[in-house]
Amino acid sequence: MKFQHLCAHLVGLTAILITAQAFSAEITFERQRIGTGTYEAGAIFDVNNDGVLDIVSGEYWHPGPDFAKAHKIATIMEKSTYYDDFSNYPLDVNGDGYLDIMSGGWFGETLVWRENPKGQPVEWTTHEIAKVGNVERGCFWDIDGDGFVEAVPNLPNNGVAIFILERDAAGKGTGKFRRVDVYSEKQGHGLGFGDVNGDGHGDLVMTGGWLEAPEKPFEETWTFHAELDLGHASIPIFIRDLNNDGKNDLIVGQGHDYGLSWIEQGMADGKRTWTKHEIEPKRSQFHEMALADLDNDGTPELITGKRYHAHNGGDPGAAEPVGLYYYPLTGTDLKRHVIDYGPAEKASGTGIYLWVEDINGDGLKDILAPGKEGIYLFKNQGK
C-alpha cells in the first residue's frame, strides 16, 4: 500500500473510531450526598421563591445551590426502617404563590398536603385530605387534560380514587379537594396512566387490568378490562409505543421481586393480546421509574433501579447490590447504562419516589434519588 493511501486509510479508520466512540458514549453523573436522611421520597423545586432550586426530602428541605443546610418541614411517622412519606409532589394547594407538598403513607393510610410557610425556615402545617387506606405511592397526572394535575394514589388494598384540587376563577388552588371514585375493587400494587387503546383518552393501568377512561372522566363510568397479570408492579407503569406499530405497550418493573420487562400490545381475532419481553430478569425491586430526556436527543430515557430494602430485606435479591440505571428508549432492545452500582453503604438505588430536574440550569436533567441508603443527587455531566 502506498504511503498516501495508507494515510488516507488511517484517517478514515480514525474517523470511524471517533464516530463509534461518540455514538456509544455514556452519560456521566457527579454524585452528591444530601444531608444524612434516609427518606424514600424527594423532589426538586423552589421552596422560598428566591429563584434557586431547592431539595425536599422527607422531614427536611435543603436550600440551593449547595444544599448544605437543612430546615425542618415536619415530624413524619417512623415505622421500623420506614418513614410514612411515600411521595413529595410540589403543588400550590392554597393558591398563595408558594409550592406545597403532597404526600401519603402506608401506615397512616392518609393523603395529606404540607403547607409551605412562604419559604420561612419554620415547620410546615400538615393538612389531611382524606383517609384512603394504605398508600403505596402517590401518583400525579392530568387525568382530564385541562392542564391541571390530579392526585391518584396507588392503594393496593382499595379502589381507585382521583383527588381534584378545587380552584378559583383565576385557576388558583383553594386548599380543598374533590374526590371521584372510579373503581371499587382492589387496585393492587402498581399503577400507570396513558392511552392504552388509542382513543385519545388517558386510561389507568393496574396489575390485573386497565381502566378505560370515558370522554368525561369525572362524570362518566370507567370500564375495566381484566387483561393483565403484572404481579407487584412498579409505580408508575409506563404506557408507550416501543415497537412503533401504532399500539401502546407497557414498561413494568417488579417492585418486590426480580424483573423489568416491556409488555407488547397486539391484536388477534379482534381481541387485545399482551406479550411479555424481559429486560432485566436477574435484578430485583424495580419499584420506582421515571422517563426523561437525559442527553437532549429528543428521545427519553427510562430511569430506574433497585429500591433498597423495600420490605426490610425480605424481598428476593434484597441482599444484592443496589443500582441506579438508565435505558435509552430507541427501540425494543433496552440496554442498561449504569449510573451507580454497589453495596448500599457506598451506592444508591431509587427509593420509592425519585425526581428528575435540571437543578443547576446547565440544560441537562439531574436525578434526585432518595432511599433508605441515603439521599443522593446525581448531576448530569452530559456525554
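The values are calculated or read from the model by the stated rules, or taken from the named source; none is laboratory data. The structure displayed is predicted, hence computed values, not measured ones. Every residue, glycine as well, gets a Cβ built from its backbone with ideal geometry; the counts of neighbours run over all protein chains shown. Side chains included, ligands, DNA and RNA excluded: accessible areas come from the protein's heavy atoms. Shrake-Rupley method; radii C 1.70, N 1.55, O 1.52, S 1.80 Å.
If packing is taken as the average number of other Cβ atoms within 10 Å across a peptide's residues, how do 52-61, 300-309 rank, most packed first? Each step should come with its number before you reach the end.
Working: 52-61: 22.8, 300-309: 25.9.
The most tightly packed comes first, giving 300-309, 52-61.
When ligands, DNA and RNA are left out and all protein chains stay put, how many square angstrom of accessible area per residue does the stretch 120-250 have with a 1.4 Å probe? Walk me through the intermediate numbers first.
Working: 5770 Å² over 131 residues.
On a per-residue basis, 44 Å².
Could you give the length gained by full extension between Lys335 and Asp257, i.e. 0.36 nm per residue of separation minus their alpha carbon distance, to one decimal place?
That works out to 26.1 nm of additional length.
Keeping the other protein chains in place, figure out the carbon and sulfur percent of the accessible area of the stretch 206-320, with a 1.4 Å probe. Walk me through the numbers on the way to the answer.
On the way: 2080 of 4870 Å².
With neighbouring chains kept in place, the figure for the stretch 206-320 is 43 percent.
Quick check of the Kirkwood formula: for the stretch 219-289, what is the inverse mean of 1/r over all pairs of different Cα atoms, in Å?
Numbers: mean 1/r = 0.0765 Å⁻¹.
One decimal place: 13.1 Å for the Kirkwood radius.
Taking the Cα centre of the stretch 227-334 as origin and charging only Cβ (+1 Lys, Arg; -1 Asp, Glu), how large is the dipole, in debye to the nearest 20? Walk me through the intermediate numbers first.
On the way: 9 positive and 18 negative charges, 58 e Å.
Dipole of the stretch 227-334, to the nearest 20 debye: 280 debye.
Could you give the dipole magnitude of the stretch 287-383 about its Cα centre, charging the beta-carbon of Lys and Arg +1 and that of Asp and Glu -1, in debye to the nearest 20? Could you put the intermediate results ahead of the total?
Details: 9 positive and 15 negative charges, 51 e Å.
Here the stretch 287-383 has a charge dipole of around 240 debye.
Which Rg and Dmax, in Å, describe the Cα atoms of the stretch 77-176?
In Å, with Rg to one decimal and Dmax whole: 13.7, 45.
Taking the convex hull of the Cα atoms, report for the stretch 211-347 its projected area averaged over all directions, in nm². Mind showing how you got there, number by number?
Values: hull surface 41.5 nm².
In nm², the orientation-averaged hull projection of the stretch 211-347 is 10.4.
Taking the Cα centre of the chain as origin, sum charge times position over the Cβ atoms of Lys and Arg (+1) and Asp and Glu (-1), and report the length of that vector in debye to the nearest 20. Before the final figure, lay out each step's value.
On the way: 33 positive and 59 negative charges, 212 e Å.
Dipole about the Cα centre, nearest 20: 1020 debye.
I need the peptides 94-103, 364-373, 159-168 ranked by packing, meaning the mean over residues of other C-beta atoms within 10 angstrom, with the highest value on top.
On the way: 94-103: 19.9, 364-373: 25.4, 159-168: 17.3.
Ranked from most to least packed, the peptides come out as 364-373, 94-103, 159-168.
In Å and on Cα atoms, what radius of gyration and Dmax does the stretch 154-247 show?
That works out to 14.6, 43 Å for Rg and Dmax.
Using only the Cα atoms of the stretch 316-383, what are the Rg and Dmax in Å?
Computed over the Cα atoms of the stretch 316-383, radius of gyration and Dmax are 13.0, 39 Å.
Enumerate the calculated ³J(HN,Hα) couplings along the stretch 323-339 in order (Karplus 6.51 cos²θ - 1.76 cosθ + 1.60, θ = phi - 60°), each rounded to whole Hz, writing x wherever the residue is Gly or Pro.
The phi angles translate into x, 10, 9, 10, 10, x, 9, 9, x, 9, 9, 7, 9, 6, 10, 8, 8 Hz.
If you average 1/r over every pair of different alpha-carbon atoms in the chain and take one over that average, what Kirkwood value in Å do you get?
It works out to 21.9 Å.
Give the shape of the stretch 266-383 as rounded, prolate or oblate, defined through the alpha-carbon gyration tensor: a ≥ b ≥ c are the square roots of its eigenvalues, a/c under 1.5 means rounded, and otherwise the shape is prolate if a/b is larger than b/c and oblate if not. Spell out each step's value before the answer.
Working: a/c = 2.24, a/b = 1.17, b/c = 1.92.
It is oblate, given that a/c is not under 1.5 and a/b is not larger than b/c.
Would you kindly give the portion of the calculated P(r) for the stretch 277-335 that falls above 19 Å, as a percent of all Cα pairs? Walk me through the numbers on the way to the answer.
On the way: 604 of 1711 pairs.
When every Cα pair of the stretch 277-335 is considered, 35 percent fall beyond 19 Å.
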